[in-house]
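Right, one structure below, let's go through it.
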Amino acid sequence: MSLVKIRVKAGMNEVEIESSIDSLPHVIDAIPSILSKIQQYDANNMQGNQYNNAYPLNPTNNPDQKVDVPDIPEIKIEKGDSLSDIIVKVFRSDWGRQARRLADVKNVLEHYGLSYPKQSVAVTLLRLAQNGRLRRFKGSDSEFLYTASTELLADASSSGSGSGGVVE
């Protein structure tokens, strides 16, 4: 008997289903129900501030206490955007004016539900640097850092932040 695996992602959650080929139609019919339950689970846990997320909204439940939430740029991702397009949008925002590591870029992509292999992101960053869209240099720990190039920032200011994909 041959088994098939199906992976369903909804937000930060992922469910993997393993099924025989014979029961695959029943499994596919059940996917909307599974997604609904995941979204319901997320909504219930968000209300109680117990959401197990890499960026908790307020883990202390004390509204007066400041929480260090990593700055995530607000961008608008279009349906046809490539990885390069998305990274350019990220670096066009104020977030891209500071030196960022590969891990920072991957973190932003994952925040938007985009899961790319580390190597793909690294190669894309390198190519954008070679094309003059980003600046690339080694940090004190010999890890590469990336910032928006002056060309990229000039493009963003001349075209207006709305067309660059940045949401204000």
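The values are calculated or read from the model by the stated rules, or taken from the named source; none is laboratory data. This is a predicted model, so every value here is computed, not measured. Here the Cβ positions follow ideal geometry from the backbone for every residue, glycine too, while neighbour counts run over all protein chains shown.
Among the residues of the range 79-127, write down those that are of a type in the set (S, T, Y) and either crowded, with 20+ Cβ neighbours inside 10 Å or under 16 Å from T147 (Cβ atoms) (or both). Hits for the range 79-127 are S93, T124.
Only one of the numbered conditions (1) touching a Leu at 6+ places or on another chain (Cβ under 9 Å); (2) under 30 Å from R133 (Cβ atoms); (3) surrounded by 13 or more Cβ atoms within 10 Å (Cβ to Cβ); (4) at pLDDT below 85 is not met by V69, and that is (3). In summary, A30 fulfils each of the numbered conditions (1) of a type in the set (A, V, I, L, M, F, W, C); (2) assigned to a helix (DSSP H, G or I); (3) modelled with pLDDT of 80 or more; (4) under 21 Å from N107 (Cα atoms) with the single exception of condition (4).
I'm trying to understand the selection: among the residues of the range 1-27, which are among the charged types (D, E, K, R) and modelled with pLDDT of 70 or more?
Within the range 1-27, the first condition is being among the charged types (D, E, K, R), and the residues that meet it are 5, 7, 9, 14, 16, 18, 22.
K5, R7, E16, E18, D22 - these are the residues of the range 1-27 that are among the charged types (D, E, K, R) and modelled with pLDDT of 70 or more.
Residues considered: G160, G132. Of these, the only one that is modelled with pLDDT under 80, farther than 17 Å from W95 by Cβ and not polar (S, T, N, Q) is G160. For the residues V121, V90, the requirement of being touching a Gly at 6+ places or on another chain (Cβ under 8 Å) and without any contact (Cβ under 8 Å) to a residue 60 or more places away in the chain singles out V90.
So which of R101, R135 ends up being touching a residue at least 24 places away in the same chain (Cβ under 8 Å) and not assigned by TED's automatic domain parsing to the domain that holds V8? Even if it seems obvious, please write down each step before you answer.
Numbers: R135 fails: touching a residue at least 24 places away in the same chain (Cβ under 8 Å).
Result of the check over R101, R135: R101.
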